[in-house]
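The values are calculated or read from the model by the stated rules, or taken from the named source; none is laboratory data. No experiment lies behind these values; they were computed from the predicted model shown. Heads up, the Cβs are rebuilt from the backbone with ideal geometry, glycines too, and the neighbour counts pull from every protein chain shown.
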Ligand SMILES: [Mg+2]
C-alpha cells in the first residue's frame, strides 16, 4: 500500500520500537516516539493516520496519552491501537473504553500486527475519501460551502496567530436568472461549471481556496494576501471571465457572461471568525452591483 500514510509508534523500549518500525516499513511511513510527551508532540506536528501505543511507560501512561490526544482538536480523530503486555480482559476493556480502536497484547505475532495495521489504515483512507467527497460541490466539482466554512475558520486562526492579512472575495454571476430564463437551466449549469474551471486556474498557493457558496455565488479565500494583491487578482479574475466570451443574449450589462465581485482584506484577531468579515465583502459586492455590475469593489477591514 503506498497511499502516503504514516503510523506513529509509541513505546518506551527501544527494542519494541525497532521491531515495530521494521515490521511496518513496507506498509507506511513510521514515526517513532519513546514517551508520552514526545508522542503528543509528533501527533500534533505530523498528523499520523494511526497510532500504535504502549501502555506501560514511565512518566505518562498510554491511557494518559489517549486522554491527552482526545483533548486536542488536532489529534482527536487519529485512531489509536494499544499494544500492551497487560493481557487481562479488564485492561483491554479499559483501553477500548478510552476510545482505542483495537487492543493487541504483547508478545505480539508480527504478521497479525501488520495485517491489523493495514486494515485500520484502509478504514482511515476510506473515511478520508468520503469526507473529501462530502466537501465537493457536485455540479462544479470545486469545494462546497462546507469546505469553505472549515477553511475560513482555520485560515482565520492561522492568520490571527501570524498577524498576516486574510482576503475574501464573493463573486456573483451577473443577471444569472435572466440567463437561465432565456437559455434554460442545463445551459445555466454548464456556465457555472465553466466559470468554476476558470476560477480554479487562479488557485496558485496551498492555502488559497475557491468554492461554490451557493446558487451562482462563488467565494475565494486568500490567506497571507493583502488588499492590493487580492484586489489585483480580483480584477484579473473578472477580466478572465469576461474574456471567456460566453454569450449572454439577455444581459443588460454585456453581450457575454460577466461577474461582479466584492472583497475584503483584514488582519484577523481572536480565535473566532468575525461575521463582519463576510458581511463587508457582501456589502462591497452589493455596491459593485449597484454601480452597474461587471466590476470589483474591495474593502479594507
Ligand atoms: Mg512499555
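What to note about this one:
- Taking every residue in region 14-37 that is within 13 Å of residue 51 (Cα to Cα) and pairing it with any residue that is assigned to a helix (DSSP H, G or I) and within 14 Å of the ligand (Cβ to nearest atom), at least 6 positions away or on another chain, the pairs with Cβ-Cβ distances below 6 Å are 32/17; 33/39; 36/65.
- The set of residues in region 35-47 being more than 16 Å from the ligand (Cβ to nearest atom) and in contact with a strand residue (DSSP E or B) (Cβ under 7 Å, 6 or more places away or on another chain) consists of 42, 43, 46.
- Options 24, 50, 69, 32: the member that is within 22 Å of residue 122 (Cα to Cα), at pLDDT 95 or above and within 16 Å of the ligand (Cβ to nearest atom): 32
- Odd one out for residue 260, checked against (1) over 15 Å from residue 174 (Cβ atoms); (2) assigned to a strand (DSSP E or B): (1)
- The set of residues in region 1-19 being surrounded by 15 or more Cβ atoms within 10 Å (Cβ to Cβ) and either in a strand (DSSP E or B) or away from the ligand (no atom under 12 Å from the Cβ) (or both) consists of 5, 6, 7, 8, 9, 10, 19.
- Filtered by the rule that a residue be more than 16 Å from residue 49 (Cβ to Cβ) and either within 16 Å of the ligand (Cβ to nearest atom) or part of a loop (DSSP other than H, G, I, E, B) (or both), region 72-91 gives 72, 73, 82, 83, 84, 85, 86, 87, 88, 91.
Okay, residues lined up against (1) touching a strand residue (DSSP E or B) at 6+ places or on another chain (Cβ under 6 Å); (2) at pLDDT 95 or above; (3) within 26 Å of residue 79 (Cα to Cα):
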| position | (1), (2), (3) |
| --- | --- |
| 112 | no, no, yes |
| 120 | yes, yes, yes |
| 127 | no, no, yes |
| 169 | yes, yes, no |
| 173 | yes, yes, no |
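Per-residue answers, yes or no, for (1) under 22 Å from the mean Cα position of the chain (by Cα); (2) farther than 17 Å from residue 192 by Cβ; (3) in a helix (DSSP H, G or I):
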site	(1), (2), (3)
265	yes, yes, no
268	yes, yes, no
284	no, yes, yes
297	no, yes, no
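- Residue list for region 133-185, filter: touching a residue at least 40 places away in the same chain (Cβ under 8 Å), over 19 Å from the mean Cα position of the chain (by Cα) and part of a loop (DSSP other than H, G, I, E, B): 139, 163, 164, 165, 174, 175
- Members of region 96-114 found to be closer than 19 Å to residue 49 by Cα and either within 15 Å of the ligand (Cβ to nearest atom) or assigned to a strand (DSSP E or B) (or both), listed by number: 102, 103, 104
- Residues being surrounded by fewer than 19 Cβ atoms within 10 Å (Cβ to Cβ) and in contact (Cβ under 8 Å) with a residue 12 or more places away in the chain - total across region 254-271: 6
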